[in-house]
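First up is the structure itself, then whatever we jot down about it.
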Amino acid sequence: MSTDTILETRQLTKAFRGFVAVDHVDLRVLRGTIHALIGPNGAGKTTCFNLLTKFLTPTSGQILFNGDDITRAAPAAIARRGIIRSFQISAVFPHLSVLENVRVALQRKLGNSFYFWKSERTLARLNSRALELLTEVDLGAYAGNVTVELSYGRKRALEIATTLAMDPELMLLDEPTQGMGLEDVDRIRRLIKKVAANRTVLMVEHNMSVVSSIADTITVLARGATLAEGPYAEVSKNPSVIEAYMGSADAELGAPH
């Protein structure tokens, strides 16, 4: 395995009672890049994410992180290694403030219990780092707001901030722009590009305009198997990829805006 490879899967497979959701997938994510995992509905993208973060156990195959075999590691051990995941549905505490949401994530990284009953003074030492993270995702002005008041796009930005609070070496973003309008999509696209400057990002994403503008490498899944891999300009012209998406090899996979 190349020293530039942060994550690799070898023949990764997951079968459910005879149905193969992920079929001998070889994935290689290079350090310091944005790698997109795309494919039609039912292609196995989220199942692949669930295998990488050990929400599911592989039927066969290997997962390597920084050269270490983590195939049988527990989910908590995966997170401690620096593989941190966000989900399709925004997972923030709606009735805590924006600052408090990030502070909870910082407590977890420090290995503390969730001291909800502790005094404000006890937790105040985390505030400056929480504010730094909120500023990084353009939410500094919203630190005191109750989270439920945020727009959907800003809630997703907050979720990225809480992910960053865990100090990830590899960020896994599951459909980060799902359900967003154009303005929020553009905000999150720019945000992912910004936070990826010093990190590695593996993302499942359906929006081709996002993928084409920020992904260094794209892996296309279809029926659980790898259909193609490479930069967007190459993958988007692959006849097998076009057919999988459009149903016709005569079409061309575009980047809708």
Check: How about region 208-223: which of its residues are touching a Lys or Arg at 6+ places or on another chain (Cβ under 8 Å) and under 20 Å from Thr47 (Cβ atoms)?
Finding: Leu221
Check: For region 187-198, how many residues meet the condition of being under 20 Å from Ile38 (Cα atoms) and surrounded by 14 or more Cβ atoms within 10 Å (Cβ to Cβ)?
Finding: 6
Next item on the list: Please state which one of Phe16, Phe49 is assigned by TED's automatic domain parsing to the domain that holds Asn198 and either acidic (Asp, Glu) or under 20 Å from Leu64 (Cβ atoms) (or both).
Entry: Phe49
Next item on the list: Give me a count of the residues in region 31-58 that are loosely packed, with under 15 Cβ neighbours inside 10 Å and either touching a residue at least 12 places away in the same chain (Cβ under 8 Å) or farther than 19 Å from Leu227 by Cβ (or both).
Entry: 4
Notebook entry, point to check: Does at least one position in region 202-220 carry a residue that is in a loop (DSSP other than H, G, I, E, B) and more than 30 Å from Thr135 (Cβ to Cβ)?
Noted result: no
Check: Looking at region 60-82, which of its residues are closer than 15 Å to Asn50 by Cα, surrounded by 12 or more Cβ atoms within 10 Å (Cβ to Cβ) and without any contact (Cβ under 8 Å) to a residue 40 or more places away in the chain?
Finding: Ile70, Thr71, Ala73, Pro75, Ala77, Ile78
Next item on the list: Name every residue in region 172-186 that is part of a helix (DSSP H, G or I) and either surrounded by fewer than 19 Cβ atoms within 10 Å (Cβ to Cβ) or in contact with an Asp or Glu (Cβ under 7 Å, 6 or more places away or on another chain) (or both), in order of residue number.
Entry: Leu182, Glu183, Asp184, Asp186
Notebook entry, point to check: Looking at Ala228, Ala233, which is the one that is without any contact (Cβ under 8 Å) to a residue 60 or more places away in the chain, in a strand (DSSP E or B) and small (Gly, Ala, Ser)?
Noted result: Ala228
Margin query: Residues to consider are Leu96, Leu134; find the one that is surrounded by 20 or more Cβ atoms within 10 Å (Cβ to Cβ), among the hydrophobic types (A, V, I, L, M, F, W, C), under 24 Å from the mean Cα position of the chain (by Cα) and modelled with pLDDT of 90 or more.
Written below: Leu134
Checklist line | Residue in region 41-52 that is modelled with pLDDT of 95 or more, more than 19 Å from Pro168 (Cβ to Cβ) and in a loop (DSSP other than H, G, I, E, B) present | finding: no
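The values are calculated or read from the model by the stated rules, or taken from the named source; none is laboratory data. Nothing here was measured: the structure is a model prediction, and the numbers come from that model. Glycine also receives a Cβ, built like all others from the backbone with ideal geometry; neighbour counts cover every protein chain displayed.
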